[in-house]
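Input: a single structure, listed below in structure tokens.
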Amino acid sequence: MKKLLYIGNKLSIHGNTATSIETLGSFFEEEGYEMYYASSKKNKIFRFLDMIFSTVKYSKKVDYVLIDTYSTQNFWFAFAVSQLCRILNLKYIAKLHGGDLPNRLLKSPYFCDLIFKKAYKITAPSNYLLHAFKLKYSDNLIYIPNTIEIKNYSFTEKEFSIPKLLWVRSFSKIYNPIMAIKVLSELKKYYPMAELCMVGPDKEDLVNDCKLYAKNLGVEVQFTGKLSKEEWIEKSKDYTIFINTTHFDNAPVSVIEAMALGLPVVSTNVGGIPFLLENDKNAFLVNDNDVEGMVKAIQKLVKNRENTKEIVKKARLIVEEFDWNKVKSSWFEILK
């Protein structure tokens, strides 16, 4: 079986949300691949050095290097590792992440060419990124969606009469957590029993600000901190609507998971979201930072419950195509 080195931010041991390096990595391990990882170092400089060191260390052992490629500071980690792979004559796969990567293509075309034109493969987890990259990098570009194990997500029909909102993301400005609290405050004018639970690690020290904001608005919000996947899936049984308030996004796994669980999704229509979700078909979409629009969408799904049930069923059918047992053949094909 093939041996793989996976380069990315393996930081769940430090309280961060588990990312693809851990979820996809574990899927590969279960299929018999021998996996090496870099890096779980918390300090960014040490993490970068560990990525470089590991690439050299395992260069004679591995068949491929998978590189999680983001749009911001971590883009330069991916750039450095990819160029080292070229020097060492290692086949590397640039695994795309992040809703702002199309802007990186515009801002850094020279460095993007050095990464992507020389990659063995580029994997796009969404049609959004596939569309953005295909004009320049179609020769080695392939669509492989973010994947889940559908058997772990029990589809449950919900009762929508009282909006009980669930928000699951890291507390980061890009994900606009304050908007969720604003939505709850406005929603309570129509549904006094409305609730909001916010799940996720405090990535940018925003939780205290959010708690103070909720207090000033006079609304109670449950902040759970980081929960394991199993814990938040269990928690989701107590909630009826999933809200996604992000400013930028690609194809967020938490949204895919909510769709699998039978939670109607109300989301901002930013980045790759409209490539995953279609308004009034499998979700409800509103403009970025549009609190009033999100409140109206929630009112609509509560009032038209039979229509909402149909939307939820269609959402489940879509994400069943992201099951690992269906997606893994695409990975096997490029790793053969």
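How high is the relative contact order of segment 186-336, in percent, with contacts defined as C-alpha pairs under 8 Å that are six or more residues apart? Walk me through the intermediate numbers first.
Details: 159 pairs, mean separation 26.3, N = 151.
Normalised by residue count, the contact order of segment 186-336 is 17 percent.
Excluding residues fewer than 8 places away in the same chain, name every one of the aspartates and glutamates whose C-alpha is closer than 12 Å to that of K226.
The qualifying aspartates and glutamates are D202.
Just the number: Rg to Rh for segment 1-62, Cα atoms, Kirkwood Rh, two decimals. Write down the numbers at each step before the final one.
Numbers: Rg = 11.7 Å, Rh = 12.0 Å.
Here Rg/Rh amounts to 0.98.
Could you list the residues of segment 232-270 with an amide nitrogen less than 17 Å from a label point located 7 Å from the Cα of K309 in the Cα-to-C-beta direction?
Within reach of a label on K309: 240-241, 262-265.
In a GNM of the chain with a 10 Å cut-off on Cα contacts, which of T17, T69, T156 has the highest mean-square fluctuation?
T156
Could I get the Rg over Rh figure for segment 239-336? Both from C-alpha atoms, Rh via Kirkwood, rounded to two places. Please list the in-between numbers first.
Numbers: Rg = 14.5 Å, Rh = 14.0 Å.
That ratio is 1.03, to two decimals.
Rounded to the nearest angstrom and ordered from largest down, what semi-axes does the equivalent ellipsoid of segment 12-101 get from its C-alpha gyration tensor (root of 5λ)?
Values: eigenvalues 68, 59, 38 Å².
Working through the eigenvalues yields semi-axes of 18, 17, 14 Å.
Looking only at segment 88-102, which residues have a backbone nitrogen under 13 Å from a spot 7 Å from the Cα of D139 in the C-beta direction?
Flagged as within label range: none.
Counting other C-beta atoms within 10 Å, and keeping those with at most 12, which DSSP coil trypsin sites (Lys or Arg not before Pro) do you find in segment 184-276?
On the way: sites: K188, K189, K203, K211, K215, K226, K229, K235, K237; in loops: K188, K189, K203, K226.
Taking segment 184-276 and a limit of 12 other Cβ atoms within 10 Å, the loop trypsin sites (Lys or Arg not before Pro) found are K189.
Report, in deg cm²/dmol and to the nearest 500, the calculated mean residue ellipticity at 222 nm for the chain, where each DSSP H run with n ≥ 4 adds -39500 (n - 2.57) and the sum is divided by the residue count.
The helix-only estimate for the chain comes to -13000 deg cm²/dmol at 222 nm.
Any idea what diffusion coefficient segment 150-320 gets from Stokes-Einstein, in µm²/s, Kirkwood Rh on alpha carbon pairs, 10 °C, 1.306 mPa s? The partial results should precede the final answer.
Values: Rh = 15.7 Å.
D, rounded to a whole number, is 101 µm²/s.
Arrange the peptides 107-116, 258-267 so that the one whose residues have, on average, the most other Cβ atoms within 10 Å appears first. Don't skip to the answer; put the middle values down first.
Details: 107-116: 15.5, 258-267: 25.0.
Listed from highest to lowest mean packing, they are 258-267, 107-116.
Output the antiparallel fraction of DSSP beta bridges having both residues in segment 150-320, as a percent to the nearest 5.
Values: 0 of 17 bridges.
Expressed as a percentage, antiparallel bridges in segment 150-320 total about 0.
So how strong a dipole does the chain carry about its Cα centre when Lys and Arg Cβ are +1 and Asp and Glu Cβ are -1, to the nearest 20 debye? Let's see the in-between values first.
Working: 47 positive and 38 negative charges, 171 e Å.
Charge dipole of the chain: 820 debye, to the nearest 20.
Among 47-56, 91-100, how do they line up from the highest to the lowest mean number of other beta-carbon atoms within 10 Å? Write out the running numbers ahead of the final one.
On the way: 47-56: 18.1, 91-100: 23.0.
For the peptides 47-56, 91-100, the packing ranking is 91-100, 47-56.
Roughly how many nanometres apart are two label points built 7 Å out from the Cα toward the Cβ at M1 and E157?
4.1
Throughout, read-outs are computed from the coordinates displayed, never taken from laboratory work. Just so it is clear, the structure is predicted and the values come from calculations on it, not from any experiment. Glycine also receives a Cβ, built like all others from the backbone with ideal geometry; neighbour counts cover every protein chain displayed.
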